[in-house]
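Read-outs throughout are calculated quantities, based only on the coordinates presented, and are distinct from any laboratory measurement. All of these numbers come straight from a predicted model, not from anything done at the bench. Methodologically, a virtual Cβ is constructed for each residue, glycine included, from the backbone with ideal geometry; neighbour enumeration extends over all protein chains shown.
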Amino acid sequence: MSTFNTDNIVSSSLSATSVTGLTYYSGVTTLSTVIQTNITNSQSAMTATTIFNFSAETDSVTQTITGSSITFSNFKSATFIPIETTETSLDDFMLNGVIFNIENIIDNVSFDIRGKALNNASGNYTIKYKIIYS
């Protein structure tokens, strides 16, 4: 599996121009570094890796990401990339129907990422997410 790099955004209308800062966000127990990136057309991106713990065949887990500058009106898109680990393979994501979405945006305060497992899941599922906002 290839690694995700903010310098290689593939889109006909967006291209990464520079990394402007490094920010650590609280509110998630296993969150790695979050990188803020300037994108052409006055857009920015937030990228991070986090772990969702689906304990005991759970069908839904929510993580709150705090300290963000995302608002309901400036949110553009979210991308979720499954990360294979020794505990969870990419096949586990597919077999358990694990999907992610953004919800509960509180302007300039926080937002939630909800992980849903259509066929129930157990264990830790690691994802990298990228949120584009203006």
Among 71-78, 121-128, what's the highest-first ranking by average C-beta atoms within 10 angstrom per residue? 121-128, 71-78
In a shell of Cβ-Cβ distance under 9 Å around Pro82, excluding Pro82 itself, what net charge do Lys and Arg (+1) and Asp and Glu (-1) give? -1
Could you work out how much longer the chain between Ser42 and Leu95 gets when fully extended? Use 0.36 nm per residue separation minus the Cα distance between them, nm to one decimal. 15.2 nm
What ranking, highest mean first, results for peptides 47-55, 84-92 when packing means the other Cβ atoms within 10 Å averaged over each residue? 47-55, 84-92
Arrange the following residues from fewest to most other Cβ atoms within 10 Å of their Cβ: Val98, Val61, Val109. Val109, Val61, Val98
What is the gain in length, in nm to one decimal, between Thr86 and Ser122 on full extension, counting 0.36 nm per residue of separation less the C-alpha to C-alpha distance? 11.6 nm
Contour minus Cα-Cα distance for Glu103 and Glu57 (0.36 nm per residue): 14.3 nm
Taking the reciprocal of mean 1/r across every pair of different Cα atoms in the range 48-126, the Kirkwood radius in Å is 13.2
